[in-house]
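Participant: Input: one structure, supplied below.
The values are calculated or read from the model by the stated rules, or taken from the named source; none is laboratory data. Everything numeric in this text was worked out from a predicted model, so none of it was measured. Backbone-built Cβ (ideal geometry, glycine too); neighbour counts: all protein chains shown. For the accessible areas, the whole protein counts, side chains as well, though only heavy atoms, and no ligand, DNA or RNA atoms are used. Shrake-Rupley method; radii C 1.70, N 1.55, O 1.52, S 1.80 Å.
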Amino acid sequence: MYNFFSFSVFLVVGSLCLASLFFSGGAALSSLPVITSNLFLFDSLSFYLVILVLFLGLYSMICLNYSLSFSTCFFLFLSLFFSAVCFCVNHSILFWCFYELSMLPLLYLIFRDSPYSERFIAGWYFAGYLLITSLPLILVLFYLSSLEGSFYFNQWSGGYAAVFIYIVLAFIFFTKVPLSPFHTWLPIVHAEATSIVSIFLSGYIMKLGLLGVYRCSPFLFNGGFVTYLFFCCFFSVFFLIVASKELDGKRWLAFLSLSHIVVPFLGLFVCSWESVSLTFLFCLGHGLSAGLVFGFLWFFYNNTNTRNWLLLKSGVSGKLPMLVIVFGMLSLCSFPPTLQFFCEVNLLVESLTSYIFIAFWSFYLFFGGLVPLVLCGHLLIRNECVENVLSASRSFLYFFFFLGLWCYLGIVVL
């Protein structure tokens, strides 16, 4: 146990040192350096999302490796590696290659590792949204690269092709986020996927769509997409209401993620170029929070063999599981001092110029805080279990500790 714990501490310290050396003095919200080359682009988006991939991937694969086979770890590592490169790549065609390769290993793991009976339906849903949009995506990227005279994103000006082409490109990425009305595959896939695949899907795969929009067509968010933004915000509130009636824990969190992912999309509209890093910092906080809650759903499923919230409370056996539930649910509520809390406060200030945005924030913050808190109260009230912490759960507790540490104290470092 000592060796395992000391290696985990080394992992955290090493990650911090690597990040600080690479980015020359930290990552202030509005002062991240931009480092460009022919093939790679390192900016605030790259920094926050690569950190997210690093933490989710290494913590889960090291802390929980006893429950993962070698082949599963290999495919998970491929997805992590291709995603990290995708977040930094500057070449449009290489971007498409790494973009698709980051999702294919998870698709394969849904078919191979999932123990649920409807995994094939979920896998075909995922494959449909993935493969149907792949060919149009590469064709549009080829076309825009030829018009712009360069395959490098940082040399695109956005003035050579019709706006309609960029809108089509944006909607291709919206299907992968997914935003409404392309969201139907996510709750189905989460319900049938293994827990580790769900952690990665909500952790960083959902952010790949935002990455594509930001890299390829950021100029669209100067007012041209307001109608679609209103549509997404409207359904975001309804996703919170639907989640309040969902008994399956993984589907419940999937609907919450569908609601939360609208926040960085809104941030692309209301933030200036100086403060756009807030959206990517929110993505980091949301990924860590979703990974934490999917992790404790995995832990309680191993103890109770159910994902039903009404029965799951029988697995709350002791103070440590209770603390995990409380901190996990509060992180979903954007409770201070989580990363999401500071991002949402700043985005709310940026949104004060629009009554529509203020109305959205009023409903979103109310229901977004109420739904997890009510469920948290249900799990903790009238609990008749006794203290029982198994040695097999220590790996999960390490996983919860490190993700919770970054959820609540990451703002001090970043």
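Participant: Have a look at I381, I93, I205 and tell me which one the Gaussian network model of the chain (Cα, springs below 10 Å) gives the largest fluctuation.
Facilitator: Fluctuation is largest for I381.
Participant: Moving on. Considering only protein heavy atoms, what per residue accessible area in square angstrom results for the stretch 221-267 with a 1.4 angstrom probe?
Facilitator: Per residue, the stretch 221-267 has an accessible area of 35 Å².
Participant: Further question: Can you tell me the alpha carbon radius of gyration of the stretch 163-292 divided by the globular rule-of-thumb value 2.2 N^0.38 Å?
Facilitator: That works out to 1.02 for the stretch 163-292.
Participant: To the nearest 10 degrees, how steep is helix 119-132 against the longest Cα principal axis of the chain, on a 0 to 90 scale?
Facilitator: That helix lies at roughly 10 degrees to the long axis.
Participant: What ³J(HN,Hα) values, in whole Hz, does the Karplus curve 6.51 cos²θ - 1.76 cosθ + 1.60 give for the stretch 90-106 when θ = phi - 60°, with x put for Gly and Pro?
Facilitator: Per-residue couplings from phi come out as 10, 9, 5, 6, 5, 4, 4, 4, 5, 4, 6, 5, 5, 9, 4, x, 5 Hz.
Participant: Using a 1.4 angstrom probe with every protein chain in place, what is the largest-first accessible-area order of T306, T184, T279?
Facilitator: Solvent-accessible surface, decreasing: T184, T306, T279.
Participant: Answer rounded, prolate or oblate for the stretch 259-381, using the Cα gyration tensor with square roots of eigenvalues a ≥ b ≥ c: rounded when a/c is under 1.5, else prolate when a/b is larger than b/c, else oblate.
Facilitator: Note, shape of the stretch 259-381 comes out prolate.
Participant: Relative contact order of the chain, please, whole-number percent, based on alpha carbon pairs below 8 angstrom and at least 6 residues apart.
Facilitator: Across the chain, relative contact order equals 17 percent.
Participant: Express the accessible area of the stretch 61-174 per residue in Å², computed with a 1.4 Å probe while the remaining protein chains stay in the model.
Facilitator: Solvent-accessible surface per residue comes out at 45 Å².
Participant: For the chain, which whole percent of the accessible surface, found with a 1.4 angstrom probe, sits on carbon and sulfur atoms?
Facilitator: Answer for the chain: carbon and sulfur cover 72 percent of the accessible area.
Participant: If the cut-off is 24 Å between C-alpha atoms, which lysines fall inside it for K313, apart from same-chain ones fewer than 8 positions away?
Facilitator: Within reach: K245, K250.
Participant: Also: Taking the 0 to 90 degree range and rounding to the nearest ten, how far is the long axis of helix 249-260 tilted relative to the main principal axis of the chain, both from C-alpha atoms?
Facilitator: Relative to the chain, helix 249-260 is tipped by roughly 30 degrees.
Participant: Which lysines have a Cα lying under 16 Å from the Cα of K207, excluding residues fewer than 8 positions away in the same chain?
Facilitator: Within the straight-line limit of under 16 Å, K207 reaches these lysines: K176.
Participant: Compute the long axis of helix 206-216 from its Cα atoms, compare it with the longest principal axis of the Cα atoms of the chain, and write down the angle in degrees, 0 to 90, nearest 10.
Facilitator: With both axes taken from Cα atoms, the answer is about 10 degrees.
Participant: When the chain is modelled as a GNM with alpha-carbon springs shorter than 10 Å, which of G285, G404, G149 fluctuates the most?
Facilitator: G149
Participant: Rounded to the nearest 500, what is the 222 nm mean residue ellipticity of the chain from helices alone, with -39500 (n - 2.57) per DSSP H run of 4+ residues and division by all residues?
Facilitator: So the helix-based figure for the chain works out to -23000 deg cm²/dmol.
Participant: Ok, one more. How high is the FRET efficiency from N65 to I381, r the C-beta distance, R0 35 Å, rounded to 0.05?
Facilitator: The value I calculate is 0.50.
Participant: When the Karplus curve 6.51 cos²θ - 1.76 cosθ + 1.60 is applied with θ = phi - 60°, which whole-Hz ³J(HN,Hα) does each residue of the stretch 157-170 get, with x for Gly and Pro?
Facilitator: With coefficients 6.51, -1.76 and 1.60, one gets 9, x, x, 9, 10, 5, 4, 4, 5, 5, 5, 4, 4, 4 Hz.
Participant: Rolling a 1.4 angstrom probe over the protein chains, ignoring ligands and nucleic acids, what is the accessible area of V326 in square angstrom, nearest 10?
Facilitator: 50
Participant: Can you tell me which of A161, A170, A290 moves the most in a GNM of the chain? Springs connect C-alpha atoms under 10 Å apart.
Facilitator: In this elastic network of the chain, the residue with the biggest mean-square fluctuation among A161, A170, A290 is A161.
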